[in-house]
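Notes for the one structure printed next.
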Amino acid sequence: MATMQPFNPWIWRDPSALAGGYEQTRPDDVPRQRSDGGADDGPDAPGPGTPIDLTGYLVEATDGRIGAIDQASDDAGAGYLVVDTGPWIFGRKVLLPVGTVARVDHLERVVHVDRTREQVKESPAFDPDDFGRTEYREQVGNYYTESYRRG
C-alpha cells in the first residue's frame, strides 16, 4: 500500500498549474473569434515549461472571489501567492501557500484555491517584514495544514 505524503503548503501540488495547465473555457468544437473577425486556431495559453507571471490574476475561493495576486513566488520549497483582498477585508493582504491552489485558468487569468473565503479571511495577515522569519512562515504553514485536517 502506498503511503501518503504529508501536506506541504509551500509546494505546488500540480506543477502544470504554472506551465501549460489551464482550463478550457469553451467547447473544443466552437471556433474562437479573433478581433479581425477571423477564426482562431486555439487558446492563447502557455505551453509546457513556459514561465508564468501570475501577478494580476484574480483569485477565487471555493465560495467566491477573494482578490488579485499582488506578488507570486515559485521558489523551490517556498512557493506562495500574496493576495490583495481589496475592500473585501479592508485592503488586507494575505499570504497563500501554493499548496492551496486547486487549478489555474490562464485563459480567464484566474487562480482557484481550495479554501473558503472565511478560511482565507481568518488566515494570518501577510507581513512583508516578518516573511523572512522562520516562525512567521511556520505560523502560516501550520494554519493552512491544520485547515486541511479540519476540512
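Bear in mind that the values in this text are calculations on the coordinates, not laboratory data. Note that the structure is a prediction, hence the values are computed from the model and not measured. Quick reminder, even Gly has a Cβ in these numbers, built from the backbone with ideal geometry, and neighbours come from all protein chains shown.
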message = Considering just Cα atoms, how many Å³ per residue does the convex hull of segment 58-151 enclose?
response = 96
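Would you work out the charge dipole size for segment 58-151 about its Cα centre, treating the Cβ of every Lys and Arg as +1 and the Cβ of every Asp and Glu as -1, and quote it to the nearest 20 debye?
The dipole magnitude comes to about 240 debye.
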query = Can you list the residues, at least 5 places off or on another chain, whose amide H is less than 5 Å from the amide H of Thr116, using H built in the peptide plane?
reply = Thr62
